[in-house]
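Written below as structure tokens is the structure these notes are about.
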């Protein structure tokens, strides 16, 4: 070598060039999963996690949708909606006939989690909570879903209930079958991945790497 330039070229060919080639190859690998490593996650753990969840969330099983027993919507609950909208200063334009037609159309199933409705659990969920109980703004649902959904969109809430239904088979589930291996990994893993199992750390109290006291918390 006769100059700094020669040194830089030598270094570039032995270090930078192979690194760039590896990055390009890695980027092509994750493109097969529909991921761009420069947009969806730079780190390998982040990208691998996305692949893991893509794999786990494929072919989700839908909830059973067999028709439930027919019934008439409770009049007391219907009258309660009138009082509710009056107190809130909202428009009310709902008929008992419309509620019963909706129940029949939905096969007496909750329109969100698809559980079987009964006179005790059926409710008229307002699609747009800014509006009152009016025809065209009502979805028949169970009381639990009505309360839990709040302002979440119907699509998002239905997807959440679908995930709940599939929770036993999703990759993030830790049940009786996996608890032993999970505990073994938690007790022995060290370094960055240990954060997955120990999300809370306190200076001079939390122990890491076989009982060593954590002296500094960063991030």
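Checked against the criteria, residue 35 counts as more than 23 Å from residue 152 (Cβ to Cβ) and part of a loop (DSSP other than H, G, I, E, B).
Hey, could you check region 115-129 for residues that are over 19 Å from residue 84 (Cβ atoms) and out of contact with any helix residue (DSSP H, G or I) (no Cβ under 9 Å at 6 or more places or on another chain) and say which is surrounded by the fewest Cβ atoms within 10 Å (Cβ to Cβ)?
The extreme case among them is 118.
Taking region 67-104 as the range and being under 21 Å from residue 142 (Cα atoms), without any contact (Cβ under 8 Å) to a residue 40 or more places away in the chain and in a loop (DSSP other than H, G, I, E, B) as the test, only 70 passes.
Looking across 112, 162, one residue alone is in the same structural domain as residue 84 (by TED's automatic domain parsing), modelled with pLDDT of 85 or more, part of a helix (DSSP H, G or I) and surrounded by 13 or more Cβ atoms within 10 Å (Cβ to Cβ). It is 162. If the condition is being in contact with a strand residue (DSSP E or B) (Cβ under 7 Å, 6 or more places away or on another chain) and either assigned to a loop (DSSP other than H, G, I, E, B) or at pLDDT 75 or above (or both), then region 191-219 contributes 204, 207, 213, 214. Condition check: farther than 30 Å from residue 140 by Cα and either more than 32 Å from the chain's Cα centre (by Cα) or modelled with pLDDT of 90 or more (or both). Does residue 18 satisfy that? The answer is yes for residue 18. Can you name every residue in region 53-76 that is surrounded by 11 or more Cβ atoms within 10 Å (Cβ to Cβ), within 32 Å of the chain's Cα centre (by Cα) and modelled with pLDDT of 85 or more? Hits for region 53-76 are 63, 65, 67, 68.
Search region 165-190 for residues being in a loop (DSSP other than H, G, I, E, B) and over 30 Å from residue 113 (Cβ atoms), and hand back the single one that is modelled with the lowest pLDDT. Step through it out loud before you land on a result.
Step one: filter region 165-190 for residues in a loop (DSSP other than H, G, I, E, B), giving 166, 170-178, 189-190.
If we keep only those that are over 30 Å from residue 113 (Cβ atoms) too, we end up with 189-190.
Numbers: 189: 70, 190: 66.
Out of the qualifying residues, it is 190.
Pull up region 130-145, narrow it to residues that are free of Cβ contacts under 8 Å to residues at least 24 places away in the same chain and in contact with a strand residue (DSSP E or B) (Cβ under 6 Å, 6 or more places away or on another chain), then point me to the one that is surrounded by the most Cβ atoms within 10 Å (Cβ to Cβ). So, considering only residues that are free of Cβ contacts under 8 Å to residues at least 24 places away in the same chain and in contact with a strand residue (DSSP E or B) (Cβ under 6 Å, 6 or more places away or on another chain), the one surrounded by the most Cβ atoms within 10 Å (Cβ to Cβ) is 137.
Do the conditions hold for residue 79, that is, is it loosely packed, with under 14 Cβ neighbours inside 10 Å and out of contact with any helix residue (DSSP H, G or I) (no Cβ under 7 Å at 6 or more places or on another chain)? Give the steps one after another, and end with the answer.
Working: loosely packed, with under 14 Cβ neighbours inside 10 Å: yes; out of contact with any helix residue (DSSP H, G or I) (no Cβ under 7 Å at 6 or more places or on another chain): yes.
When the stated conditions are applied, residue 79 passes them.
Out of 50, 107, one residue alone is assigned to a loop (DSSP other than H, G, I, E, B) and surrounded by 14 or more Cβ atoms within 10 Å (Cβ to Cβ). It is 107.
In the condition set (1) in the same structural domain as residue 163 (by TED's automatic domain parsing); (2) modelled with pLDDT of 95 or more, residue 94 is compliant with all but (2).
Remark: pairs (first residue in region 27-41, farther than 15 Å from residue 55 by Cβ; second residue in a loop (DSSP other than H, G, I, E, B); Cβ separation under 6 Å; 6+ apart in sequence or on different chains) = 27/37.
The values are calculated or read from the model by the stated rules, or taken from the named source; none is laboratory data. Values in this document were obtained by computation on a predicted structure and should not be read as measured data. Methodologically, a virtual Cβ is constructed for each residue, glycine included, from the backbone with ideal geometry; neighbour enumeration extends over all protein chains shown.
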